[in-house]
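**Student:** Below are the structure tokens for one structure; questions will follow.
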Amino acid sequence: MQRRLFALLACTALFLAACQSIAAPTAPAEGATSAPTDAPAPTVEPSPTPVPPRTLTVCLAEEPQTLYPYGGSSRSMWNVLEAIYDGPFDTRSFTAQPVILEKLPSLADGDAAIQPVSVQAGDPVVDSGGTLVALKPGVTVFPAGCSQPNCAVTWDGSSALQMDRLSVTFKLKAGVLWSDGAPLTAGDSVYSFNLAADLATPTNKSVIDRTSAYTALDAQTVQWTGVPGYVEQRYPTFFFLPLPQHAWQGKSAAALLTDEASSRAPLGWGPYVVDEWAAGDHIRLRKNPNYFRAAEGLPRFDYLNFTFKGSPADSALMSLVGGECDIVDQEPGFLTMLEELINTQNNGRIQLYLAQGPEWEHLDFGIRPASYDDGYDPASGDRPDLFGDVRTRRAVAMCIDRQKMASELFNGRVQVPNGYLSPTNPLFQADLPAYSYDPQAAAALLDEVGWRDGDSNPATPRTAAGVAGVPDGTPLQAHLVTTSAALRQEVARRIGASLAECGIGLTTGLQDAGALFAPGPDGPLFGRKFDLAMFYWESGVRSPCLLYTSAQIPSAGNQWIGANVAGFSNAAFDSACESAYWALPDQPDYAARNQAAERLFAEELPAIPLYYQLKAAISRPDLCGLDLDVTARSLLWNIEALDYGPGCSGQ
């Protein structure tokens, strides 16, 4: 209706303009000579046709609670903030790319540097395990020039000690303005750091606590300096997202959490600015005239609408096909209707975007339950040591047809991982040890361990006959815990059927996520009270090997804090993972150190990787520029470049 009304008004305006451009005939002035009647009529230039504003509409499943970057975090919030803040980095395939910085700093270019500094008792340092501590006798650290476990030292409290300190310099691009026209400066990033560091701000303080100084060297330059020992591989991104000091500096960190200016209409430097927020319905943004890429013809639209449609996947698809949405953000429900989406795309009615990871679903073995911490004694009620032998773990992996499961559940759109790094990760290894579906080879391994199949009846599990540390006659029977999500229920059912064919009994217990992930000692995962557990970890820029190191085993001794719920402990793996953790991307052995840790993981198999999680989004069929990169903070990481219609390349 609005388009028809606009067209009618436009036509009326053109009609009136045309009428006004034809002058009424008048009598010639006295003494004037009349023009010949056969003189040509004057040329009348038509009025230009008004160009209607262009609008892009993005449908979100939920409304953001806030637009203040330090007030919370959700995908819906960052979808909107991508339009308000462009950068300061975009992450593509696990690699940061500068947006408002001249370049990413590096050791090779000299804008990052590692220098030895003397440390004394009481100084804050990061020890060899990555923990921030006050230096004292007995603390193990990497001395200057060392970044691997084999050269770590335990300080005696009196010897002179030097440690490496990392400093990083960031240079802002010239000419970047806030949307109100004020220049964006290095001071805005320092102001942001100070807000993030404030105790009233609910941010993760890990990097902040390991920061010795964050200062503006001049209007365009910021320098970050870490505490000794904190030589972190993510250092090229230790630049804090600028916030408008000139507009907010009179407000406290606590006030900014709810202030209208910061939470509902924050100033930015990106392609759009907030125009209206109608609670419960939409957020409308308009083009930012001060956008630093405006000369490139960006953004492509005059207005950007975010509408809140709720979460049902089928209604989101209907909204897109019906023209209410141009883009529908990632929606887990799309996976249950994947075949329908593929058919709708084949019919030319939508574009479907699919990508794997970085989350990887896996089956963790309860290798060492918490009840073993005071000594393993099955006679006193400890659960039999079902999975302590790596051969049993490998046999379980070979009993599960993971490839068939992934192909049928995800329409052949996901891969079965052999390690924890996704195929788009630069460190991905295609030649890791693989345990493909092979029930006969699995049976041979189980026989070798001592798990005997006395009757060849799948209804009865194998029993122990000479299994080290397991009483003879113990059935090979396990209990799997996972969430009640429909997909996990189906995966658990298939795993149970596969294991039964190998003579391994399986029962399944479904819990809500809150109960499954409850802290130890009561929670089944972090209390280490399970046989098998199915859930996912995310594989980010940093190697996930730390999730399976001995130091990460949750126990009473560390207040049940740690991610290694399997209780897996292997000295060679710990050493390889620690070496990978401290490797820097600039170093020539960076890839080798990370890949060595993943190879040991694949060999020792504390968990069976099942599949990479699949992400799905949809758009109108003629949209161009959208790229679902699962390592980006939002589907709309390049919102300024999106377009549709004849102007799109290839349309």
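**Student:** Of all residues in region 348-376, which are on the phi > 0 side of the Ramachandran plot and touching a Phe, Trp or Tyr at 6+ places or on another chain (Cβ under 9 Å)? Full working, then the answer.
**Tutor:** First, the residues of region 348-376 that are on the phi > 0 side of the Ramachandran plot: 348, 357, 375.
Listed by number, the list holds a single entry, Gly357.
**Student:** Further question: Condition test on Leu409, is it surrounded by 14 or more Cβ atoms within 10 Å (Cβ to Cβ), hydrophobic (A, V, I, L, M, F, W, C) and more than 36 Å from the chain's Cα centre (by Cα)?
**Tutor:** On the way: surrounded by 14 or more Cβ atoms within 10 Å (Cβ to Cβ): yes; hydrophobic (A, V, I, L, M, F, W, C): yes; more than 36 Å from the chain's Cα centre (by Cα): no.
For Leu409, the condition - surrounded by 14 or more Cβ atoms within 10 Å (Cβ to Cβ), hydrophobic (A, V, I, L, M, F, W, C) and more than 36 Å from the chain's Cα centre (by Cα) - is not met.
**Student:** Are there any pairs with C-beta distances below 6 angstrom linking a residue in region 365-376 that is among the hydroxyl-bearing types (Ser, Thr, Tyr) to a residue that is modelled with pLDDT under 95, with the two at least 6 apart or on different chains, and if so which?
**Tutor:** Partner pairs satisfying both residue conditions: Ser371/Asp382; Tyr376/Asp382.
**Student:** Filtering region 311-329 down to residues that are in a loop (DSSP other than H, G, I, E, B) and modelled with pLDDT of 90 or more, which residue is nearest to Arg488 (Cα to Cα)? So that I can check it myself, show each step before the final result.
**Tutor:** Filtering region 311-329 down to residues in a loop (DSSP other than H, G, I, E, B) leaves 311-312, 322-326, 329.
Of the ones still in play, those that are also modelled with pLDDT of 90 or more are 322-326, 329.
Numbers: Gly322: 32, Gly323: 34, Glu324: 33, Cys325: 30, Asp326: 31, Asp329: 23 Å.
Out of the qualifying residues, it is Asp329.
**Student:** Continuing with this model, one more query. Which pairs turn up if I take residues in region 177-197 that are buried (at least 16 other Cβ atoms within 10 Å of the Cβ) and look for partners that are assigned to a helix (DSSP H, G or I) and polar (S, T, N, Q) with beta carbon separation below 9 Å, at least 6 apart in sequence or on another chain?
**Tutor:** That search, which allows pairs on different chains as well, returns Thr185/Gln245; Gly187/Gln245; Asp188/Gln245; Val190/Gln245; Tyr191/Gln245; Ser192/Gln245.
Residues are listed down the side, and each one gets a yes or a no for (1) of a type in the set (Phe, Trp, Tyr); (2) at pLDDT 95 or above; (3) surrounded by fewer than 22 Cβ atoms within 10 Å (Cβ to Cβ); (4) under 23 Å from the mean Cα position of the chain (by Cα):
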{"position": "Glu538", "(1), (2), (3), (4)": "no, no, yes, yes"}
{"position": "Val541", "(1), (2), (3), (4)": "no, no, yes, yes"}
{"position": "Glu598", "(1), (2), (3), (4)": "no, yes, no, yes"}
{"position": "Ala602", "(1), (2), (3), (4)": "no, yes, yes, no"}
{"position": "Ile608", "(1), (2), (3), (4)": "no, yes, no, yes"}
{"position": "Asp629", "(1), (2), (3), (4)": "no, no, yes, yes"}
{"position": "Ala641", "(1), (2), (3), (4)": "no, yes, yes, yes"}
{"position": "Ser649", "(1), (2), (3), (4)": "no, no, yes, no"}
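**Student:** Would a scan of region 430-445 turn up a residue that is buried (at least 21 other Cβ atoms within 10 Å of the Cβ) and either polar (S, T, N, Q) or over 20 Å from Tyr536 (Cα atoms) (or both)? Outline the logic, then answer.
**Tutor:** Narrowing region 430-445 to residues buried (at least 21 other Cβ atoms within 10 Å of the Cβ): 435, 442, 445.
Restricting the remaining residues to those that are either polar (S, T, N, Q) or over 20 Å from Tyr536 (Cα atoms) (or both) gives 442, 445.
Within region 430-445 (the criterion being buried (at least 21 other Cβ atoms within 10 Å of the Cβ) and either polar (S, T, N, Q) or over 20 Å from Tyr536 (Cα atoms) (or both)), the answer is yes, since at least one residue qualifies.
**Student:** Restrict the check to region 380-392 and report whether at least one residue is buried (at least 20 other Cβ atoms within 10 Å of the Cβ), under 26 Å from Ser569 (Cα atoms) and in contact with a Ser or Thr (Cβ under 8 Å, 6 or more places away or on another chain).
**Tutor:** yes
**Student:** Scan region 485-505 for residues that are surrounded by fewer than 16 Cβ atoms within 10 Å (Cβ to Cβ) and more than 19 Å from Tyr611 (Cβ to Cβ) and jot them down.
**Tutor:** Glu501
**Student:** Additional query: Of the conditions (1) without any contact (Cβ under 8 Å) to a residue 24 or more places away in the chain; (2) under 24 Å from Arg633 (Cα atoms); (3) not in a helix (DSSP H, G or I), Glu359 fails just one. Which one is it?
**Tutor:** Condition not satisfied by Glu359: (1).
**Student:** OK, next. Do you know which residues across region 537-563 are touching a helix residue (DSSP H, G or I) at 6+ places or on another chain (Cβ under 7 Å) and not β-branched (Val, Ile, Thr)? Break it down stepwise before answering.
**Tutor:** Applying the first criterion (touching a helix residue (DSSP H, G or I) at 6+ places or on another chain (Cβ under 7 Å)) to region 537-563 yields 537, 543, 545-546, 548-550, 552, 555, 562-563.
Answer for region 537-563, where residues must be touching a helix residue (DSSP H, G or I) at 6+ places or on another chain (Cβ under 7 Å) and not β-branched (Val, Ile, Thr): Trp537, Ser543, Cys545, Leu546, Tyr548, Ser550, Gln552, Ser555, Gly562, Ala563.
**Student:** Please specify each residue of region 156-181 satisfying the condition of being within 30 Å of Ala572 (Cα to Cα) and either in contact with a Gly (Cβ under 7 Å, 6 or more places away or on another chain) or of a type in the set (Asp, Glu) (or both). Steps first, please.
**Tutor:** Taking region 156-181 and keeping what is within 30 Å of Ala572 (Cα to Cα), we get 156-157, 159, 161-166.
Correct list: Asp156, Met163, Asp164, Arg165, Leu166.
The values are calculated or read from the model by the stated rules, or taken from the named source; none is laboratory data. Here the structure is a predicted model, which means the values were calculated and not measured. Note that each Cβ is placed from the backbone with ideal geometry, even for glycine, and that neighbours are counted across all protein chains shown.
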